[in-house]
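Below you'll find the structure, written out as structure tokens, and then a few comments.
The values are calculated or read from the model by the stated rules, or taken from the named source; none is laboratory data. Note that this is a predicted model, so its numbers are computed, not measured. Here the Cβ positions follow ideal geometry from the backbone for every residue, glycine too, while neighbour counts run over all protein chains shown. Side chains included, ligands, DNA and RNA excluded: accessible areas come from the protein's heavy atoms. Shrake-Rupley method; radii C 1.70, N 1.55, O 1.52, S 1.80 Å.
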Amino acid sequence: MHQAQHRLVVETTHRGLFEFTSEVARWLAAQAIETGLLTLFCRHTSASLLVQENADPDVRRDLEAFFARLVPEDRDIYVHADEGLDDMPAHIRTALTQVQIAIPVASRHLLLGTWQGIYLFEHRHAPHRREIVLHLIGE
Amino acid sequence: MHQAQHRLVVETTHRGLFEFTSEVARWLAAQAIETGLLTLFCRHTSASLLVQENADPDVRRDLEAFFARLVPEDRDIYVHADEGLDDMPAHIRTALTQVQIAIPVASRHLLLGTWQGIYLFEHRHAPHRREIVLHLIGE
Amino acid sequence: MHQAQHRLVVETTHRGLFEFTSEVARWLAAQAIETGLLTLFCRHTSASLLVQENADPDVRRDLEAFFARLVPEDRDIYVHADEGLDDMPAHIRTALTQVQIAIPVASRHLLLGTWQGIYLFEHRHAPHRREIVLHLIGE
């Protein structure tokens with residue numbers, strides 16, 4: 001049994017979903033591990049990880065619109081607003097989704113479903129560099 | 001240290017929670033691994049996984065009712081509706097819950113709490129065959 | 001490759017977020033594993049786990065207030081209320097967050113981001129003893 005670790009950076013340009021499935025798959029294919037478990041961990045409190053539909057871009061737009069409605073940027077309902085009106089909503093949206101996802105691996109491929117892609121869900125309006133730790137264990 | 005992988009199918013008949021704890025426990029008991037970590041991964045974007053209360057069926061009904069209210073089937077608020085009015089709500093409900101859960105294992109048993117069961121949360125009205133990948137690592 | 005398991009108890013005094021990052025870090029530092037993956041699993045259906053902002057306490061207050069608004073204690077909208085008005089909201093809040101989080105480890109340290117702490121999210125008003133299973137694998 002072996003393990004490997006890597007840090008991947010996802011550059012975001014605005015609030016919404018950014019796919020990075022191919023970056024993960026490329027790193028995985030270069031490892032000496034055929035079968036195992038790949039864990040992704042997002043090192044931020046205002047961005048999260050989602051496995052979501054990878055076909056119609058409208059799904060990503062509707063997802064972003066739903067979270068914007070559910071967690072409004074409203075000066076009156078939050079105490080914490082150090083970094084602006086999108087600060088506290090970003091923390092709440094991160095809590096409602098997740099910072100970690102583990103995906104089984106076989107034949108050096110992620111066992112994702114046909115329509116599943118891996119997304120960084122950026123919750124701030126401004127561009128950010130988001131660091132994701134990859135941990136692979138298997139043989 | 002060893003690992004094992006398996007694919008389990010959960011057949012759903014309607015929107016709501018379907019328990020499959022015993023199917024997982026049965027597979028686990030047949031593996032040559034005493035202590036370790038079991039990861040479940042749902043290969044879909046309109047169904048998810050939940051660890052929830054396994055006693056009162058009203059909990060499952062109230063959970064389904066809450067998510068139906070939170071993510072309404074409303075033609076006017078989503079762009080994406082390729083597969084019907086429950087299409088986009090299904091993706092959103094999946095994002096609000098999770099497609100992966102890992103549970104520690106000891107003495108070939110899942111270390112679930114007394115009231116915890118493993119559920120497939122079906123987010124579409126029509127029946128579906130949902131594929132769950134199980135990955136077990138340990139010794 | 002080795003593994004270790006531990007049970008940690010978090011005592012809560014009210015609804016809200018309770019940090020226990022240092023308890024986890026202390027146990028981790030005592031293990032003979034340098035690099036690997038640490039999984040935390042909460043054995044309850046009315047408390048969950050969050051990785052969240054560890055600087056400004058207002059973030060925790062705003063998070064609790066958001067979830068209290070999103071999942072109101074309303075006698076009329078839930079069937080299940082065996083343990084009081086906060087019973088069903090506690091299950092729903094658990095479903096909206098998560099009972100399991102895995103964090104990569106390097107040099108015997110959790111690879112958390114600068115502003116990330118590990119929290120038990122208590123969803124009941126009364127004090128509880130919450131049991132968290134830790135599972136560490138690596139070398």
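Some points to look at:
- Couplings for segment C:48-62, taken from phi via the Karplus curve 6.51 cos²θ - 1.76 cosθ + 1.60 with θ = phi - 60°, read 9, 10, 9, 9, 9, 3, 10, 9, 7, x, 4, 4, 5, 5, 5 Hz in order; Gly and Pro are left as x.
- Global size of the protein assembly as shown: 19.8, 57 Å for Rg and Dmax (C-alpha atoms, Rg to one decimal, Dmax whole).
- Principal axis dimensions, largest first and in whole angstrom, of segment C:90-139 by Cα: 39, 23, 19
- Applying a DSSP loop filter and a limit of 14 other Cβ atoms within 10 Å to the trypsin sites (Lys or Arg not before Pro) in segment B:1-85 leaves B:75.
- Test item: Cα-centred dipole of segment C:37-139, Lys/Arg +1 and Asp/Glu -1 on Cβ, debye: 340 debye
- Angle in degrees between helix B:87-96 and the longest Cα principal axis of chain B, rounded to the nearest 10: 50 degrees
- Calculated FRET value between residue C:74 and residue C:26, using beta carbons and R₀ = 41 Å, to 0.05: 0.50
- Cα centre as origin, Lys/Arg/Asp/Glu Cβ charges: the protein assembly as shown dipole, Debye: 1000 debye
- Within 10 Å of the Cβ of each residue in C:111-120, the mean number of Cβ atoms contributed by other protein chains is 4.
- A point 7 Å from Cα along Cα→Cβ stands in for residue C:131, and the other copies hold the same point at 3.6, 3.6 nm, listed in rising order.
- Of the residues A:99, A:79, A:51, the one that moves most in a GNM of chain A with alpha-carbon contacts below 10 Å is A:79.
- Within the assembled protein chains, the solvent-accessible surface assigned to residue B:19 is about 80 Å², based on a 1.4 Å probe.
- Efficiency of FRET between residue C:19 and residue B:9 - r from beta-carbon atoms, R0 56 angstrom, step 0.05: 0.90
- Across peptide C:122-133, the average count of Cβ atoms from other chains found within 10 Å of a residue's Cβ is 1.
- Pseudo-label separations to other copies for residue C:55 - Cα-to-Cβ vector, 7 Å, nm: 4.3, 4.3
- One quarter of the surface of the convex hull around the alpha-carbon atoms of segment C:1-62 equals 5.4 nm², the direction-averaged projected area.
- Most mobile of A:62, A:76, A:87 in a GNM of chain A (Cα contacts under 10 Å): A:76
- Fraction of the pair-distance distribution of segment B:1-121 above 22 Å, Cα-Cα pairs, percent: 41 percent
- Note on chain A: GNM, Cα springs under 10 Å; of A:91, A:80, A:14, the largest mean-square fluctuation is that of A:80.
- Inter-copy spacing of residue B:109 label points, which lie 7 Å from Cα along Cα→Cβ, given in nm from shortest upward: 3.9, 3.9
- Per residue, the average separation of C-alpha pairs within less than 8 Å and at least 6 apart gives segment C:41-139 a relative contact order of 51 percent.
- Solvent exposure, largest accessible area first (probe 1.4 Å, DNA, RNA and ligands not counted), of C:6, C:135, C:44: C:6, C:44, C:135
- Note on segment C:6-56: dipole from Cβ charges, positive end direction compared against C:50, C:10, C:20; the farthest Cα belongs to C:10.
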